[in-house]
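Step one of this worksheet: look at the structure below.
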Amino acid sequence: MLDWLNDEQRALRDMAQEFSRNEVEPIATAIDLDEHTPDSLIAKAAEFGLYGLTTSPDYGGAGADIVSACLVSEEIAKASPAFAGALTVEMILCPMTVEILGTEEQKQRILPRSASGERVMAYSQSEPGGAANASAHISKVVPDGNGFVLNGAKLFCTQGPAKTYLVFAKTEDGQGNTGYGCVVVEREDTGLDIAPYDDKLGWRGTNTGSIAFTDIRLEPDDILGDLLTGGISNRRANQANVLAHAATSLGCAQGMFDKTLEYVKERRLYGKDMSELQPVSYWLAEAHAKIAACRALLYENARAFDAGTMQGGMSSVCKAWIGDTAFDVCARLLQLWGGSGIMNSTGINRYMRDAKAKCIAEGSSEIHYAIIANQLFHGVPSLVRPPTKG
Ligand SMILES: Cc1cc2nc3c(=O)[nH]c(=O)nc-3n(C[C@H](O)[C@H](O)[C@H](O)COP(=O)(O)OP(=O)(O)OC[C@H]3O[C@@H](n4cnc5c(N)ncnc54)[C@H](O)[C@@H]3O)c2cc1C
């Protein structure tokens, strides 16, 4: 499979495999148990060029395509689906949003320091009124003197050691026009209040939590893209990240499968090899088939994305279907571990927990099925429907 990968993509996959095995795997269970990702891992990921992977070389990145980003995401997720999930935000979502929306000055200011890992970024959109339901969001940017002021609150923001926040909010231009924009908030800004990070089921160690903004002063060059439409103009970054997120679900299922196969091959029960128990071999074969189908679906679409030919709604198909399938695979295979699978210390059940978190983060499966339905019935691959007649 994937015999069409070019030399550069293969080299990146090999590099990510090595990084995953040597740097991530040895501490992946500790990241989960301690709810903490060591700064040293983040520094090594930056050293390997992962933070600037898709950022253009003009701004300190490697300019890699989305197939490459998916390969890297899959390899890292085999060891730590949680760390891989947080990494897509740094590799793709935030820098690509800046590259799409930003002015030349903003790109020069933000991207090289994000690519080097000096200033980790966070993407802050979800709110209590529903992550995808922007009309219910309360965060607001309004004009104030020569600049603007931001007030509001966000939920579930994956931050790691973030220093630069991309914040999505309702906007007003002071001339009666309203919209949905994107602004840059720095950790040092007065009025940024980060709550203690939430303890969570999966994706542990990635510092997900709530943020409050009180009278945060913004200069005009803190507004990313058009004041009134910036928040809905980075769809390409969202789609790319959704594909990479699906790649982390794939890697999560593959990581669980690899460890389970190894375990089953070595374990003896009732005086014979465990693999001779009929349901055991069947479930492994079934998982193998499902993972292979997910891989074919994902890379076909990542390749089409890079070529500019991906069909509407297909990033959502990948996210929802691969995410749900990965959870089913992990839940099924966990059963083969018996009591060992239930003990957190074996580092196995984290795959199932991470797989479930992936069915919610970056838009829950149902949100993505709603996007697919909009594509089917209205020809629009988003939740924003065209006005109806009459
Ligand atoms: C580990 C983790 C990390 C996250 N990181 C970030 C981050 O960095 N930045 C950020 O902004 N957000 C982040 N999120 C938030 C995430 O994007 C949202 O949790 C997710 O999109 C679901 O939104 P919600 O929690 O508001 O659920 P709700 O909107 O309340 O939805 C609840 C459920 O209702 C159903 N539903 C909702 N909408 C629809 C629909 N349109 N059609 C059909 N059914 C629907 C689904 O079953 C959904 O799961 C993260 C979440 C998690 C769990």
If the convex hull of the alpha-carbon atoms of the range 4-97 is projected onto planes in all directions, what is the mean projected area in square nanometres?
-> 5.8
Among the aspartates and glutamates, which fall within straight-line cross-link reach of Lys265, defined as a Cα-Cα distance under 13 Å, with same-chain neighbours fewer than 8 residues apart omitted?
-> Asp273, Glu276
To the nearest 10 degrees, how steep is helix 349-358 against the longest Cα principal axis of the chain, on a 0 to 90 scale?
-> 30
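If you take every residue apart from Gly179 with its C-beta less than 9 Å away from the C-beta of Gly179, what net charge results, scoring Lys and Arg +1 and Asp and Glu -1?
Net charge around Gly179: -2.
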If eta is 0.890 mPa s and T is 25 °C, what Stokes-Einstein diffusion coefficient results for the range 235-378, Kirkwood Rh from Cα pairs, in µm²/s?
-> 153
Hey, what's the Kirkwood Rh for the range 205-309 if you take every pair of different alpha carbons, in angstrom?
-> 18.4
Residue (of Ile138, Pro381, Trp321) at the positive-pole extreme of the chain, dipole from beta-carbon charges | Trp321
Largest-first ranking of Thr164, Thr190 by accessible area, probe 1.4 Å, whole protein assembly kept, is Thr190, Thr164
Quick one: Debye curve from the alpha-carbon atoms of the range 128-250 only, equal weights, vacuum; give me log10 I(q)/I(0) at q = 0.14, 0.21 Å⁻¹ to two decimals.
-> -0.64, -1.33
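If I stretch the segment between Glu366 and Glu276 completely, what's the gain in nm (0.36 nm per residue apart, minus their alpha carbon distance), one decimal? Write out the running numbers ahead of the final one.
On the way: separation 90, 0.36 × 90 = 32.40 nm, distance 3.83 nm.
Roughly 28.6 nm would be gained on extension.
Would you tally the net charge around His245, using a Cβ to Cβ cut-off of less than 10 Å, leaving His245 out, and scoring K and R as +1, D and E as -1?
Net of charged neighbours comes to +1.
For the range 109-190, report the translational diffusion coefficient in µm²/s to the nearest whole number, using Stokes-Einstein at 25 °C, 0.890 mPa s, and a Kirkwood Rh over Cα pairs.
Working: Rh = 13.6 Å.
D = 180 µm²/s.
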Between the range 62-111 and the range 295-366, how many Å separate their Cα centres?
-> 19
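Please state the shape class of the range 60-134: rounded when a/c is under 1.5, otherwise prolate if a/b exceeds b/c and oblate if not, all from the C-alpha gyration tensor. Write out the running numbers ahead of the final one.
On the way: a/c = 1.86, a/b = 1.04, b/c = 1.78.
Note, shape of the range 60-134 comes out oblate.
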Starting from the Cα of Glu219, step 7 Å along the direction of its Cβ; do the same at Ala293; then give the gap between the two resulting points in nm.
-> 5.4
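What's the magnitude of the charge dipole for the chain around its Cα centre, counting Lys and Arg as +1 and Asp and Glu as -1 at the beta-carbon? Answer in Debye, nearest 20.
1160
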Treating the beta-carbon of each Lys and Arg as +1 and of each Asp and Glu as -1, no other charges, what is the dipole magnitude of the range 122-232 about its Cα centre, to the nearest 20 debye?
-> 440
Alpha carbons only, please: Rg and Dmax for the range 337-386, in angstrom.
-> 17.2, 52
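Using a 1.4 Å probe on the protein chains only, how many percent of the accessible area of the chain belongs to carbon and sulfur?
On the way: 8770 of 16600 Å².
That share works out to 53 percent.
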Straight-line reach check, Lys319, cutoff 22 Å on alpha carbons, 8 or more apart in-chain or any other chain, hits among lysines -> Lys78, Lys200, Lys290, Lys356, Lys358
Could you pull the Rg and Dmax for the chain, using just the Cα atoms, both in Å?
-> 21.2, 80
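Could you give the length gained on full extension between Glu104 and Met343, defined as 0.36 nm per residue of separation minus the Cα-Cα distance, in nm?
On the way: separation 239, 0.36 × 239 = 86.04 nm, distance 5.11 nm.
Residue separation times 0.36 nm, minus the Cα-Cα distance, leaves 80.9 nm.
Determine the per residue accessible area of the chain with all protein chains present and a 1.4 angstrom probe, expressed in square angstrom. Intermediate values should be presented prior to the final figure.
On the way: 16600 Å² over 390 residues.
Per residue, the chain has an accessible area of 43 Å².
The values are calculated or read from the model by the stated rules, or taken from the named source; none is laboratory data. Treat the numbers as computed from the prediction; the structure is a model and nothing was measured. Every residue, glycine among them, receives a Cβ derived from its backbone with ideal geometry; neighbour counts consider all protein chains shown. Each accessible area value is taken on the protein alone, full model and side chains, heavy atoms only, with ligands, DNA and RNA left out. Shrake-Rupley method; radii C 1.70, N 1.55, O 1.52, S 1.80 Å.
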